[in-house]
């Protein structure tokens, strides 16, 4: 029986559906304290004074923390960026001034959450208001500085140049100029908000139960900031209700709970975020503006070069940034064969919530930019959208991009053809003609995207050569427990991706047993889980890095089991086969009735080892394997090298009609084709595609973090920041193709982020619907009010220009 | 969220009389919208309590109001710093008085209300129309006061979007009021 490739029902679901999951906020004890965080109402203000006396006097209050406590007890978090990022002071509480609305200013630990909140509201903070800057271009003028010590708001700038850009432009038959595109600010809304409990005991050990999704990384930032060796820090999680990258960053709040615990004599302190806090202060996706874009094309519409100026807005603190200033380069040419690029990339801080990795992190913005370019050029040159893509798609794999990334495999034309068939492209084209005759605004759009998985941390050195990160790794421990059961632990700390199920499928195939016979430890515990500094769930990498670690560990375990069974059964290892007998999982000698079951093998190693001789001294039946992808440190000067191991792809087609009365875009049909190489579990892949599609559709039509001119977030509840629900999710026709990756042991590619395919697709469909109205789609958010504004002010003339000439006629 | 406002009106009052009301804290503060109570402090500023309501969010806010510029009888400026339900706001209101002839005074008013914090975030787009309505109410109250007309007690703005008396509570009140009238009428007849 082969389990990989089957839609095995998720092992996690029985527990989760029956309410037997254990989430961070489920932790409770009577002696536990509850933390309330007082946050700044201002986006930019100096803290003149803080009076906590009334809060401290409230019965039930155990302690109050302010910036002055934090200054004494914490070292500012390490900044990943080069100068001037190293001058930025980032602490769990604001000390001298606040730089975004919602920034923590004080914290109260009390007997109940209600008392803590009441006490928090008694804290008198006197602020001196400062002018705020929320526009990234204005921020780059440095008239208003967020971090005075850095002396500039600019956190990163570099030029990514590949090929012969100037020559390509001088040889071009057409040059299309697009003055401005903008990718809006949105994030993920996991069902479970951030939460943790912290207990800093008198021995100096600090124990967290939390829902951080990148523990291996967070520990490296958290421990030094709290002046602790890493071994004093224990991070645990059980079930995590979604992360999408946002929960990588919650260590900032975990530190507050820890400091409160220490101040309260080691009592356990719980912090559980509200939804408004989550939307206001947990972390947003990167907002990006693309300026002065020029596209060179040959006479047939093949894009030969692109130059552009990109400004990324990372909010108040860079934190995980400026990694996003590099990560987009994993998908530099998107799915197209463009060889010449000049991208001038700048990142700035603004008085808004800091950004964090968000599903499709940094690549999604760039892929949207590329798809907008392709679409706008197609419209301006009157080339049908599907033909335009077929002219430009990469077709030969493995493909080395201009910046040295290796696209492992793919077949974009086949995906396009399949999606067209699935949605009935020709039928909709005919309906579109009829609709236009009736004055209806109907558009059909294509979005092709990449989901680059298993990244090479060496790309961080392009951004800051001093960073001690490169390569990637994941770790797996597999053992036969005392009763012979197969137990697997990983460093990944899943947040809904089904790691228990897919791991069981791989191990079951390797040991030729049933997946139900395998226990995959739920969650993560740094005290006993195997993990490395790269461990975590992020960057679409589990199917490759996680399962490769599992596979490697299985090979080591099998070798030991063969050695032990061979000794006991007096047989050659080659004669042994794995399987299930009358006494459970076993190894047997082919063609005989001789066998040894897992219980007895475990018994021999763990409790009965006088039966063994010295040749078996290394047999532990408890093995650890570290998977390390074959990466090299990129050439940091040339910004050249392989940044990612695998490239899954998605191709979506949508049919959209703009309601001419309400301006609301309505999705009439939607098809999604996925290629993530060899599929481990089709049901899980299908679920990930559906989730990613819903997330993207929500971002396009409903979700946007809008700030006013003084830095108030105007969309801080689900009334204004409306996530998509089943009530407004369209039917999605789903299909797949498989182009196995040559770079993973099983042909799989990481997937799950989806690369924001609906953002590209719906923008293209809306563009198609509105082009005849003189409108160029320049933004990624298309709520009804935005479409209304766009319809009132056609922008084509002011946004796009085309210069065409006969090549060689100059 | 910043709301700027300006305009002018003319009142049949002398400039000195108008200025006396505009620059006198005791007389001026009750004219603020949704005024509840106030206390004059030693430094001459006033601590006010106001009622605040945005949709279903209801509470009491506090403002410290200072007369920052006083040039009789031509100019008065107030600066207010307020707090309400986890939010803060700054209010600047300026009044320029000019003789309009025939014993009348032209009052030019301008100012800015800047709000920060949770209330703005939670109430989103509802704040601006409510604030504009309250500013209009404040100006009207000032105009009436300067004209020597009776000033109605400022009420909390109805932000539910329903005409008064159309909710179930309003209907109940209307019904009770009718019943009371009937009972009073009945009692009068009995007397």
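The values are calculated or read from the model by the stated rules, or taken from the named source; none is laboratory data. The structure presented is a predicted model; accordingly, all values stated were derived computationally and were not measured. We place every Cβ from the backbone using ideal geometry, glycine too, and count neighbours over all the protein chains shown.
Of all residues in the stretch A:104-133, exactly one satisfies the criterion of being within 12 Å of chain B (Cβ to nearest Cβ), in contact with a strand residue (DSSP E or B) (Cβ under 7 Å, 6 or more places away or on another chain) and farther than 14 Å from residue A:40 by Cα, namely A:117. For residue B:100, are the conditions met, namely being in contact with a helix residue (DSSP H, G or I) (Cβ under 6 Å, 6 or more places away or on another chain), surrounded by 15 or more Cβ atoms within 10 Å (Cβ to Cβ) and either modelled with pLDDT of 90 or more or away from chain A (no Cβ under 13 Å) (or both)? It is false that residue B:100 is in contact with a helix residue (DSSP H, G or I) (Cβ under 6 Å, 6 or more places away or on another chain), surrounded by 15 or more Cβ atoms within 10 Å (Cβ to Cβ) and either modelled with pLDDT of 90 or more or away from chain A (no Cβ under 13 Å) (or both). Looking only at the stretch A:364-376, decide whether some residue is in the same structural domain as residue A:288 (by TED's automatic domain parsing) and either surrounded by fewer than 18 Cβ atoms within 10 Å (Cβ to Cβ) or outside any helix (DSSP H, G or I) (or both). No, there is no match, as no residue in the stretch A:364-376 is in the same structural domain as residue A:288 (by TED's automatic domain parsing) and either surrounded by fewer than 18 Cβ atoms within 10 Å (Cβ to Cβ) or outside any helix (DSSP H, G or I) (or both). Here is the figure for the stretch B:116-132: residues that are facing chain A (nearest Cβ under 7 Å), part of a helix (DSSP H, G or I) and farther than 14 Å from residue A:705 by Cα total 1. The set of residues from the stretch A:714-732 being over 18 Å from residue A:664 (Cβ atoms) and within 12 Å of chain B (Cβ to nearest Cβ) comprises A:714, A:716, A:717, A:718.
All told, residue A:299 falls short of being surrounded by fewer than 24 Cβ atoms within 10 Å (Cβ to Cβ) and in a strand (DSSP E or B).
With respect to being away from every other protein chain (no Cβ under 13 Å), out of contact with any helix residue (DSSP H, G or I) (no Cβ under 9 Å at 6 or more places or on another chain) and surrounded by fewer than 21 Cβ atoms within 10 Å (Cβ to Cβ), residue B:112 falls outside the description. Restricting A:687, A:735, A:692, A:711 to residues that are more than 14 Å from chain B (Cβ to nearest Cβ), over 21 Å from residue A:442 (Cβ atoms) and crowded, with 23+ Cβ neighbours inside 10 Å narrows the list to A:692.
Would you confirm, using the coordinates I've provided, whether residue A:654 is away from chain B (no Cβ under 14 Å) and assigned to a strand (DSSP E or B)? Considered against the rule, which asks whether it is away from chain B (no Cβ under 14 Å) and assigned to a strand (DSSP E or B), residue A:654 comes out as yes. Screening A:86, A:90, A:96, A:158 for residues that are surrounded by fewer than 21 Cβ atoms within 10 Å (Cβ to Cβ), touching a helix residue (DSSP H, G or I) at 6+ places or on another chain (Cβ under 9 Å), away from chain B (no Cβ under 14 Å) and free of Cβ contacts under 8 Å to residues at least 24 places away in the same chain leaves exactly one candidate, A:86.
Of everything listed in (1) farther than 23 Å from residue A:319 by Cα; (2) surrounded by 20 or more Cβ atoms within 10 Å (Cβ to Cβ), the single unmet condition for residue A:232 is (2).
Filtering the stretch A:695-708 to residues that are more than 7 Å from every other protein chain (Cβ to nearest Cβ) and either in contact with a helix residue (DSSP H, G or I) (Cβ under 8 Å, 6 or more places away or on another chain) or part of a loop (DSSP other than H, G, I, E, B) (or both) leaves A:695, A:696, A:697, A:699, A:700, A:701, A:702, A:703, A:704, A:705, A:706. Going residue by residue through the stretch A:585-598, is there one that turns out to be touching a strand residue (DSSP E or B) at 6+ places or on another chain (Cβ under 7 Å), outside any helix (DSSP H, G or I) and touching a residue at least 60 places away in the same chain (Cβ under 8 Å)? Looking for residues that are touching a strand residue (DSSP E or B) at 6+ places or on another chain (Cβ under 7 Å), outside any helix (DSSP H, G or I) and touching a residue at least 60 places away in the same chain (Cβ under 8 Å), one finds at least one in the stretch A:585-598, hence yes.
Scanning the stretch B:62-71 turns up at least one residue that is within 30 Å of residue A:37 (Cα to Cα), without any contact (Cβ under 8 Å) to a residue 40 or more places away in the chain, away from every other protein chain (no Cβ under 14 Å) and in contact with a strand residue (DSSP E or B) (Cβ under 8 Å, 6 or more places away or on another chain). Run down A:221, A:209 and say which single residue is outside the structural domain of residue A:717 (by TED's automatic domain parsing), touching a residue at least 40 places away in the same chain (Cβ under 8 Å) and not in a strand (DSSP E or B). Matching residue, one of A:221, A:209: A:221. Checking each residue in the stretch A:533-576 for being part of a loop (DSSP other than H, G, I, E, B) and surrounded by fewer than 18 Cβ atoms within 10 Å (Cβ to Cβ) picks out A:533, A:570, A:572.
State yes or no: is residue A:495 in contact with a helix residue (DSSP H, G or I) (Cβ under 6 Å, 6 or more places away or on another chain) and buried (at least 22 other Cβ atoms within 10 Å of the Cβ)? So residue A:495 fails the test. Every condition in (1) without any contact (Cβ under 8 Å) to a residue 40 or more places away in the chain; (2) within 14 Å of chain A (Cβ to nearest Cβ); (3) in contact with a helix residue (DSSP H, G or I) (Cβ under 8 Å, 6 or more places away or on another chain) holds for residue B:80 except the one numbered (3).
Taken over the stretch A:579-590, residues that are surrounded by fewer than 18 Cβ atoms within 10 Å (Cβ to Cβ) and within 21 Å of residue A:509 (Cβ to Cβ) amount to 5. Would you check if there is a residue in the stretch A:268-277 being touching a strand residue (DSSP E or B) at 6+ places or on another chain (Cβ under 8 Å) and within 14 Å of chain B (Cβ to nearest Cβ)? Yes - at least one qualifying residue is present in the stretch A:268-277.
Taking the criterion of being within 14 Å of another protein chain (Cβ to nearest Cβ) and either under 36 Å from the mean Cα position of the chain (by Cα) or part of a loop (DSSP other than H, G, I, E, B) (or both), the only residue of the stretch A:47-67 that qualifies is A:47.
Looking only at residues in the stretch B:83-97 that are surrounded by fewer than 21 Cβ atoms within 10 Å (Cβ to Cβ) and more than 14 Å from chain A (Cβ to nearest Cβ), the one that is nearest to residue B:17 (Cα to Cα) is B:96.
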